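Below: one structure, written as C-alpha cells.
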Amino acid sequence: MLCDRCGVPAYVQVMLDTGGMLSWCAHHYREYQEALFAYAISVQDERYLLEAK
C-alpha cells in the first residue's frame, strides 16, 4: 500500500467511522494522528517494520 498523501510506502491504515480507509506513511501519520483519532474506528500501525530495515 502507498500513502494517500505522498505515494511512498504506507505503514499505517486507518479505518474511518464513515467506512472509508486511509493509508499513511510514518511521517504523515505523525502529522495527522491527533485529527484522525476523531474519525478512526481502528488503526493498524505497522511502523515497527521500519526498525527492521
Taking placed amide H atoms and a strict 5 Å upper bound, the residues 5 or more places from Arg5 or on another chain that come that close are Cys25
Under the Karplus relation with 6.51, -1.76 and 1.60 and θ = phi - 60°, whole-Hz ³J(HN,Hα) for segment 12-17, x at Gly and Pro, equal 9, 10, 10, 8, 8, 5
Long-range amide H partners of Met21, meaning residues 5 or more apart or on another chain whose placed amide H is closer than 5 Å, are Leu16
In Å², rounded to a whole number, the accessible area per residue of the chain with probe 1.4 Å is 70
Rounded to two decimals, the Rg over Rh value of the chain from Cα coordinates and the Kirkwood Rh reads 0.96
The percentage of the accessible area of segment 1-42 (probe 1.4 Å, all protein chains present) made up of carbon and sulfur atoms, to the nearest whole number, is 57
With 0.36 nm assigned to each residue of separation and the Cα-Cα distance removed, Glu46 to Val8 gains 12.2 nm
Low-density loop chymotrypsin sites (Phe, Trp or Tyr not before Pro), the chain, at most 13 other Cβ within 10 Å, DSSP non-H/G/I/E/B, are Phe37, Tyr39
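The values are calculated or read from the model by the stated rules, or taken from the named source; none is laboratory data. Everything numeric here is computed off the predicted structure, so don't read it as measured data. Counting neighbours? That spans all protein chains shown, and the Cβs are built from the backbone with ideal geometry, glycine included. Only protein heavy atoms, including side chains, enter the accessible area calculation; ligands, DNA and RNA are left aside. Shrake-Rupley method; radii C 1.70, N 1.55, O 1.52, S 1.80 Å.
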